[in-house]
1. Given the options T204, T223, name the one that is among the hydroxyl-bearing types (S, T, Y), in the same structural domain as N275 (by TED's automatic domain parsing) and at pLDDT below 90.
2. Of everything in the stretch 87-114 that's in contact with a helix residue (DSSP H, G or I) (Cβ under 6 Å, 6 or more places away or on another chain) and within 17 Å of K258 (Cβ to Cβ), which residue is modelled with the highest pLDDT?
3. Filter the stretch 191-224 down to residues that are exposed (fewer than 10 other Cβ atoms within 10 Å of the Cβ), of a type outside the set (K, R) and in a loop (DSSP other than H, G, I, E, B), then give me how many there are.
4. Scanning the stretch 4-29 for residues that are touching a Ser or Thr at 6+ places or on another chain (Cβ under 9 Å) and within 20 Å of I264 (Cα to Cα), which turns out modelled with the lowest pLDDT?
5. Can you tell me which of T142, T124 is modelled with pLDDT of 90 or more, in a helix (DSSP H, G or I) and among the polar types (S, T, N, Q)?
6. Within the stretch 176-190, is even one residue surrounded by 11 or more Cβ atoms within 10 Å (Cβ to Cβ) and part of a helix (DSSP H, G or I)?
7. Is it fair to say I265 is at pLDDT 80 or above and either buried (at least 18 other Cβ atoms within 10 Å of the Cβ) or not β-branched (V, I, T) (or both)?
Amino acid sequence: MSQESIFWGENNKIYMVDFLDKEFKLKKTHVIEALMISFQDIYFDSKNIWNRIIGFPLTLESYRIHKNIKNIRNIFNQMINDNNGNEAVKYIIEESIKYNLSLDILLDDLIVTTSSGLNIIKLTIMSIIWHLYNEKNSKWKTDILKEIHNIEIDYEKIAKCKILNAFIYEVLRYESSFSLLNNQAINDFDLDVNSRKYKIKKGTMIMPNAYVIHHNNSSWNETSDLNIFDPSRFINNNYLGSDFFIPFGKGIRRCSGKKYSLTIIRIFVFLFLLNYPEYKLEKNDNKNIRFSLFSDINFNIII
């Protein structure tokens, strides 16, 4: 399954874009690959104070990113006109038409949904590979290999691998690829916090911090330190569906790509470990790596 097909269906048409790389060489690049590279470029380029103050491309790097995003948006517009996309994409398009949203807003919604979803999948898989390689988790790796050794390549059976799933869930909790969840109160309600009562009005923006919730012992029924990586917590307790394990958000605004993401992550990790159980990692000097949407992390996998 290609990156594009996750959100944009199995259309045989391959969408390519004119993309300026960091050496300013123009080359034809798959639009999703170009989008994922640009997502990281935008964040790290914004650290330059000149690029945060000025509203137009001032540096050569800003010009390069601006040019790439413009070309990417044009290709996304073509993808919309081709009526390509899965249910989530088509729902976004239908709602935009229903509420007369502009093409610019529609393009922004689709670009953000596609890029953030695929980047979370990528970072979660990188994190799983990283933690399984950590000597502290060698027993977990051994136990997972024993569990999947005689399992057929069947998703229903892979999804029931208890140890494999516990490791994946703990990565999703421990790393929390994103932090703030953007939600809105749909009704008035009272909120009790530390013996104080707050009246929340309908329409209030509520932005809980997923990372803090995932590492706050007062929310979890845990005696162990939540700042320690420990997959056993998902074997000893059933936290799925709880109000404090929210890697994909919560409620009607939760991530529409949850099933896609977990399917890809489970299958990839299963096949990767089955085929390359003795893999190695190199070119990584950071001993305190954390994975998030804004992490600039690279390492080589030796198989």
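The values are calculated or read from the model by the stated rules, or taken from the named source; none is laboratory data. As the structure is a prediction and not an experimental result, all values here were calculated from the model. Here the Cβ is made from the backbone with ideal geometry for all residues, glycine too, and neighbour counts use every protein chain on show.
1. Only one candidate qualifies: T223.
2. So the residue we want is T114.
3. Total meeting the criteria: 4.
4. The qualifying residue modelled with the lowest pLDDT is E4.
5. Sole residue among the options that is modelled with pLDDT of 90 or more, in a helix (DSSP H, G or I) and among the polar types (S, T, N, Q): T142.
6. Checked the stretch 176-190: no residue is surrounded by 11 or more Cβ atoms within 10 Å (Cβ to Cβ) and part of a helix (DSSP H, G or I).
7. Details: at pLDDT 80 or above: yes; either buried (at least 18 other Cβ atoms within 10 Å of the Cβ) or not β-branched (V, I, T) (or both): yes.
Yes; evaluated as a whole, the condition is true for this residue.
A quick yes/no check of all residues on (1) exposed (fewer than 15 other Cβ atoms within 10 Å of the Cβ); (2) under 18 Å from Y15 (Cβ atoms); (3) in contact with a Leu (Cβ under 9 Å, 6 or more places away or on another chain):
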| site | (1), (2), (3) |
| --- | --- |
| N81 | yes, yes, no |
| K98 | yes, no, no |
| L107 | no, yes, no |
| I125 | no, no, no |
| T142 | yes, no, no |
